[in-house]
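S.K.: Here it is: the structure, laid out below.
Any read-out appearing in this document is the output of simple, stated calculations on the displayed coordinates, not a laboratory observation. Everything quoted here is computed from the prediction, not taken from an experiment. Every residue, glycine as well, gets a Cβ built from its backbone with ideal geometry; the counts of neighbours run over all protein chains shown.
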Amino acid sequence: MLATVLHKPGDVHCEEVADPKILKPTDAIIELSASCICGSDLWPYRGLQPLDGPMHMGHEYCGVVVETGSEVRTVRPGQFVVGSFCLSDNTCPHCRFGFQSSCVQREFMSGAQAPYARVPLADGTLVATDEIPSADLVPHMLAASDVLGTGWYAADAAEVRPGSTVVVVGDGAVGLMGVLAAGEMGAGRIIAMSRHESRQKLAKEFGATDIVAERGEEGVARILDMTKGVGADSVLECVGTMQSMDQALACSRPGGTIGYVGVPHGVSLEGERLFFGQKRMLGGPAPVRRFLPDLMDRVLGGKIQPGKVFDLRLPLEQVAEGYKAMDERRAIKTLLLV
Ligand SMILES: [Zn+2]
């Protein structure tokens, strides 16, 4: 089959690879309904994450089960499934506590920018629907696999409550999903920090009540001004740089909570600032599996349309252009037709 392989920074393309097969009795093979490129795929593409050999790309997926290993019990061939980018058994103490992304058997999904993929730990990872969803729902279901689940976790970790004042730092796909999640959780005010017009528009469509285009100290001053000097109850940090974390900490009220899902690159925190600022924080790789059944229900019921975050659609053969468009920030997120 043709699949996406990254050979070295900037060199990604579609090439012939071996079809995936069952390697362990707990595996499943799925035929993807669609795939996509994640913002985190840009780290190795930009050479900011070391590569040891050619990398089979893609960790966001949904599709139809075609084969299962001998120990798989909860899904069967013919079912439509969505899974998380974190593969988990869903039975260990961390999974049971709702932190499947710290599963004792955790693996990370790979090879999903392809027509077929192997999903390890299928029973714990995959969630099946009763029926095959219509084609127009596929992008929304695909979004649940990572980008929506991660934005949702940011809002959950930031303890968004009905009526909360929420600030979202970062207008990438995850930040936009954080806006959507905060809206679904009943936030009273959702301030999206974004400088880009197309992203501001989408943030508003997803439920942002206010937009702040300023960054850094100016951005913080605007947020404090808008909240009568108090700061936000919940802040979603969806970037992962020192500047964005600084902004998140400074926008948060004493006793407020920061949900941080941007993978930290060069972020360090000062104990004294956290202590005297009374900041509460929870973050990390999102335990998407915890939220999946609920998110899939919301999509199937037509309540949310997270797939609007895909503003570029390309056939898998043109995957290189998809990476380029996201790298140059011409596209928010690329959907790949497999
Ligand atoms: Zn587990």
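S.K.: What residue among Arg215, Arg46, Arg273 has the largest mean-square fluctuation in a Gaussian network model of the chain, using Cα springs under 10 Å?
M.R.: Of the options given, Arg273 has the highest mean-square fluctuation.
S.K.: Net charge near Gly69: determine it from the other residues with C-beta under 11 Å of the C-beta of Gly69, scoring Lys and Arg +1 and Asp and Glu -1.
M.R.: My count for the surroundings of Gly69 gives 0.
S.K.: Of all DSSP beta bridges in the stretch 151-283, what percent run antiparallel (nearest 5)?
M.R.: Here the antiparallel bridges make up roughly 0 percent for the stretch 151-283.
S.K.: Can you list which of the GluC sites (Glu not before Pro) found in the stretch 166-266 are DSSP loop residues with at most 16 other C-beta atoms within 10 Å?
M.R.: Within the stretch 166-266, the qualifying GluC sites (Glu not before Pro) (loop, at most 16 other Cβ atoms within 10 Å) are Glu214.
S.K.: Explain nothing, just the number: relative contact order of the chain, from Cα pairs under 8 Å at least 6 residues apart, as a whole percent.
M.R.: Answer for the chain is 19 percent.
S.K.: What pairs from Lys204/Lys303; Lys201/Lys279; Lys24/Lys333; Lys228/Lys333; Lys8/Lys333 go past 28 Å between their alpha carbons?
M.R.: Violating the 28 Å limit, Cα to Cα: Lys201/Lys279; Lys24/Lys333; Lys228/Lys333.
S.K.: At R0 = 30 Å, how high is the FRET efficiency between Leu42 and Ser268 if r is their beta carbon distance? Nearest 0.05 is fine.
M.R.: Efficiency for this residue pair is about 0.85.
S.K.: Same structure, new question: For the chain, set up a Gaussian network in which alpha carbons nearer than 10 Å are linked by springs, and say which option among Ile304, Ile190, Ile258 fluctuates the most.
M.R.: Most flexible of the set in this elastic network: Ile304.
S.K.: For the chain, go through all pairs of different Cα atoms, get the mean of 1/r, take its inverse, and jot down that Kirkwood value in Å.
M.R.: Taking the inverse mean of 1/r over all distinct Cα pairs, the chain comes out at 20.2 Å.
S.K.: In nm, what is the difference between 0.36 nm times the number of residues separating Glu328 and Leu300 and their Cα-Cα distance?
M.R.: 6.8 nm
S.K.: Still on this structure, I have one more. How would Lys308, Lys279, Lys201 line up from fewest to most surrounding beta-carbon atoms within 10 angstrom?
M.R.: Lys201, Lys308, Lys279
S.K.: Would you please classify the overall shape of the stretch 151-283 from the alpha carbon gyration tensor, given that a ≥ b ≥ c denote the square roots of the eigenvalues, rounded means a/c under 1.5, and beyond that prolate means a/b larger than b/c while oblate covers the rest?
M.R.: rounded
S.K.: Considering only DSSP states other than H, G, I, E and B, which GluC sites (Glu not before Pro) in the stretch 20-98 qualify as loop sites with at most 15 other Cβ atoms within 10 Å?
M.R.: Listed in order of number, the matching sites are Glu71.
S.K.: Let me ask another. Considering the chain as a Gaussian network with a 10 Å cut-off on Cα pairs, which listed residue, Ser101, Ser164, Ser134, attains the greatest mean-square fluctuation?
M.R.: Ser134
S.K.: Something else: So how far apart, in nm, are the two label points at Leu23 and Ile132 if each is 7 Å from Cα heading toward Cβ?
M.R.: 2.9 nm
S.K.: How much net charge surrounds Gly78 when only the other residues with a Cβ under 15 Å from the Cβ of Gly78 are counted, with Lys and Arg +1 and Asp and Glu -1?
M.R.: My count for the surroundings of Gly78 gives -3.
S.K.: Related question: Can you give the local net charge around Val338? Use residues other than it whose beta-carbon is closer than 14 angstrom to its beta-carbon, Lys and Arg +1, Asp and Glu -1.
M.R.: -3
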